[in-house]
């Protein structure tokens, strides 16, 4: 039961999301049905606004983790569908509130909900989906699942507030940055995976292994996301290129470039992150500096470390289609954008 | 087991919150301790922002309902303290999000949290408290309580979105208005009361009675709140006088004055609610028109109807200190502001 190893001598790790999509395709149809059913309301603005985001082409990676985890541990029931929908509702509520918090214009390549429907409705529909998520969990009836997901929700909010506090603070350390992404992103990945082991009544060891798979995958995923915002080779993304830069978010590429920069470069970063140099030319300069210090590549290298830990966490499970799909997905997470 | 009757031949109903405060004083100390404990976080901005609102002199009426309900049904355990704190967290989260939605400047006579800490942090700390609330409920462990409070939370969000949809719509009916306040306010009053019967394992009839007490009290409470915003005799309030008017909120005083007004008055209301006449002079004119048609008095009369229904719902319980305190509180709810 050894784990697969990312081939470090290759230019980029390989990987594919296809096996994961195939593994969960049937289940995701049922999850999508629950999502569509439960975002309905007698107040028409609610399904309109929720549907704008939910139909907006998200990857639904988090609910997929619950379904893949259930396959991995050989769970034969149907509880994962409602719970995966609950996970996606928490994520969707977070995205809606994020768009308000960040003042985003774009989300998944489309106008963000707050641009079309305004901040007030976006905040409130987020609250609605969040409540619906807890209704779904309550219907499922596992207090252990409720504990895991309500705990993860509180940690997500804490991470988002912490990120807000670190915004425009050039002296943010890599350690603090890692704590923020563990909270705002990895906590839900971990919970989504872990609950599969809970409903299947697995051993603590298996529960812990699925938690670690999700948690490390979440960190890897966010690292790559943050790298892509400064990647001179990246294809156009759903969100506005340079959003993190203009918002003065302290992500790892900036932390590394600042640490490795000379006095003049550091002066630039202080001004830029402080909000005094945010033009397109400034963004180009930021990308050039990040490139000079290999900060995007090294951020991706950090991501590979966490992806490998995610894969290693699966080593306690026997080889299976599910385990291979989850391994491929972790490799894919760090290969995105090439 | 007859219910007390509001003396309709008197100028104003009497009532006092004092018996309710005395009844719940000891319990509220424990609730406040839970609130203070559970709003803590390693991210310092969270207790700072939450504490600004929580220490800001709220009445804590909703958690008090849970405690009073527990007394009424002779519950002898301690579960009500955590659950009452959960109720207050839901309410606090809603207030924080409301302040962002309404763009409020004042809350309880102090600068609103969003003015001091900004909209982003206010949204996120609301999310944190909402998550904490579900953590508290999960610790309590009653799926029935979780169902009641997650259901109420979804209904509150629906009511808030519905209110947003009705904003600046002069043709909003009294019926729609009632549906909105039942959802945005009364649902949590009902749930806060009802869960006392759940933890005490009361009969369905008693559970239903406490639900109806809270629900009708909540409607009465909101009606009076909406009346006070246009009451020419009202003392200065915590929130900005005329907020509802400037935001184009369709509350009952406006609905009644519009329905009873002549062509010229209706033209004024259309312009005012449409957002084209929102000066201080316009507010004075609105108050004068509302006064001319007795719309504040009649809104309060509607409130008395619901307060009486709340009191009557208690008639299945034997007379007791708790029942008297809850009766007095309902009378007080409609006597506020005189």
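With the simple model of a label 7 Å out from the Cα in the direction of the Cβ, residue B:284 to residue A:260 spans 6.8 nm. Where does helix A:61-72 land angle-wise versus the long Cα axis of chain A, in degrees 0 to 90, nearest 10? Helix A:61-72 and the main axis of chain A meet at about 40 degrees.
Summary for residue B:36: label point 7 Å along Cα→Cβ; distances to the equivalent points in the other copies, ascending, 5.2 nm. Each label was represented as a point 7 Å from its Cα along the Cα-to-Cβ direction; for residue B:14 and residue B:232 these points are 2.9 nm apart. Residue separation of residue A:276 and residue A:42 scaled by 0.36 nm, minus their Cα-Cα distance, works out to 79.6 nm of gained length. Between A:230, A:117, A:75, the residue with the greatest mean-square fluctuation in the GNM of chain A (Cα pairs under 10 Å linked by springs) is A:117.
In this simple spin-label model, placing a label point 7 Å from the Cα along the Cα-to-Cβ direction at both residue B:305 and residue B:139 gives a separation of 4.3 nm. Put in line by how crowded their Cβ is, counting other Cβ atoms within 10 Å and starting with the fewest, A:293, A:97, B:91 read A:293, B:91, A:97. Counting only helical runs of four or more DSSP H residues, what would the 222 nm mean residue ellipticity of chain A come to if each run contributes -39,500 (n - 2.57) and the total is spread over all its residues? Mean residue ellipticity at 222 nm (helix-derived): -23000 deg cm²/dmol. In the assembly of identical copies, residue B:315 has its label point, taken 7 Å from Cα in the direction of the beta carbon, separated from the corresponding points by 7.3 nm (ascending, one decimal). Take every pair of alpha-carbon atoms less than 8 Å apart whose residues are at least six positions apart; their mean separation over the length of chain A yields a relative contact order of 25 percent. What whole number of Å gives the distance from the Cα centroid of the range B:254-296 to the Cα centroid of the range A:253-280? Answer, in whole Å: 55. With R₀ fixed at 56 Å, the C-beta to C-beta distance from residue A:292 to residue B:169 puts the FRET efficiency at about 0.45. Each copy carries a label point for residue A:263 at 7 Å from Cα along the beta-carbon vector; from one copy to the others these points are 8.0 nm apart, nearest first.
Note on chain A: with a GNM built from Cα contacts shorter than 10 Å, the maximum mean-square fluctuation among A:85, A:200, A:303 falls on A:200. Taking the Cα centroid of the range B:107-148 and of the range B:156-179, what is the distance between the two, rounded to the nearest whole Å? Using only Cα atoms, the two centres lie 23 Å from each other. Among B:126, B:109, B:27, the residue with the largest mean-square fluctuation in a Gaussian network model of chain B, with springs joining Cα atoms closer than 10 Å, is B:109.
None of the figures in this text is laboratory data; all of them are computed from the coordinates on show. Keep in mind the model is a prediction, meaning the values are calculated, not measured. Methodologically, a virtual Cβ is constructed for each residue, glycine included, from the backbone with ideal geometry; neighbour enumeration extends over all protein chains shown.
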